[in-house]
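First up is the structure itself, then whatever we jot down about it.
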Amino acid sequence: MSHWKAYEELAWTEFIISSLDDYEEEASAIIQSLDIKTGADTGSFKPDLLHFGCGAGGHDYYFKQAFDVTGVDISHGMLQNAQKINPEVTYLYGDMRSVTIGKSFDAVVFPESLMYMTTVDDIRQALQNAAAHLKPHGKILVTVHTKEEFQPHNFAYAGEKDGVHVTLFENNYIVSETAYEAAMVYLIRNKKGLEIHHDVHTVGLFPYGVWTGLFSKLNLDFKEWHMAHLYDRNILDEGDYPQTYFVCTKKE
């Protein structure tokens, strides 16, 4: 697995260049699309949700209002962020393709994390592991960029906290038939001066038919929905940032 500075030694910048508010719309839409009766609906128990690739915990801040959340990530820096803002959530270090939690869940979700799988076999392993953790009638949610809808873009994020100013520039560029690169440059200004860091992430990029074909092979029914405006304020060029959301259930 690659070493990503953005998710390890630079993970502390996450909630300087973004805020919890940035996660609310998507997290709320995901909760609604799962259509599982939650504690807020019943006034009693909360269903169990497993979040593979939980990152800094921004989605979980909203998921935990409706679910008992368990988060899994392979980046220690992001897990530290997540635990700080969600002390009541269970966080575990692990690989989504192989980790075993030891319990079953009403939902397993991959918001913007499964795309880090760069081969079809890696995706298959992660989906199989998700299905293995589902309760009967449980649901899997996957967020993807399909190759047909993907648009390369430049992005900018910035913020300041306690005298530390952070600016992040990101360039997305298709580098092969099945991948794009997210190249990032961080400008960090503090009392000591300017620090410049860079990081490059290779991200999988597969056609719509690859995703639906995998669901079929894994005996999963699916419904889909779309969002394209979540990053409008960060995109520096023309166009939008379309994402496809699949909600999958095991076939009867």
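Overview of values
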read-out	value
In segment 156-201, the residues that are touching a helix residue (DSSP H, G or I) at 6+ places or on another chain (Cβ under 8 Å) and acidic (Asp, Glu)	160, 199
Of residues in segment 158-183 being acidic (Asp, Glu) and under 21 Å from residue 3 (Cα atoms), the one surrounded by the fewest Cβ atoms within 10 Å (Cβ to Cβ)	181
Hey, residue 126 under 30 Å from residue 194 (Cβ atoms) and either without any contact (Cβ under 8 Å) to a residue 12 or more places away in the chain or in contact with an Asp or Glu (Cβ under 9 Å, 6 or more places away or on another chain) (or both) or not	no
Selected residue (criterion: farthest from residue 210 (Cα to Cα)) from residues of segment 228-246 that are assigned to a loop (DSSP other than H, G, I, E, B) and hydroxyl-bearing (Ser, Thr, Tyr)	231
Condition broken by residue 95, with the remaining ones in (1) among the acidic types (Asp, Glu); (2) in contact with an Asp or Glu (Cβ under 9 Å, 6 or more places away or on another chain); (3) surrounded by fewer than 21 Cβ atoms within 10 Å (Cβ to Cβ) satisfied	(2)
Filter pass, residue 64 being touching a residue at least 40 places away in the same chain (Cβ under 8 Å) and of a type in the set (Lys, Arg)	no
Selection status of residue 179, touching a Ser or Thr at 6+ places or on another chain (Cβ under 6 Å) and either modelled with pLDDT of 95 or more or over 21 Å from residue 54 (Cβ atoms) (or both)	yes
Test: residue 89 is within 27 Å of residue 200 (Cα to Cα) and crowded, with 19+ Cβ neighbours inside 10 Å	no
Unique match (being surrounded by 19 or more Cβ atoms within 10 Å (Cβ to Cβ) and either more than 18 Å from residue 209 (Cα to Cα) or among the hydrophobic types (A, V, I, L, M, F, W, C) (or both)) among 137, 133, 145	133
Test: residue in segment 218-226 that is farther than 29 Å from residue 252 by Cα, charged (D, E, K, R) and within 21 Å of the chain's Cα centre (by Cα)	no
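Quick grid of which residues meet (1) touching a residue at least 12 places away in the same chain (Cβ under 8 Å); (2) closer than 23 Å to residue 223 by Cα; (3) charged (D, E, K, R):
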site	(1), (2), (3)
73	yes, no, yes
79	yes, no, no
90	yes, no, no
108	yes, yes, no
111	yes, yes, no
114	yes, yes, no
141	yes, yes, no
147	yes, yes, yes
169	yes, no, no
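The values are calculated or read from the model by the stated rules, or taken from the named source; none is laboratory data. Fair warning: this is a prediction, and the values are worked out from it, not measured in the lab. Note: ideal-geometry Cβ built from the backbone for every residue, glycine included; neighbour counts use all protein chains shown.
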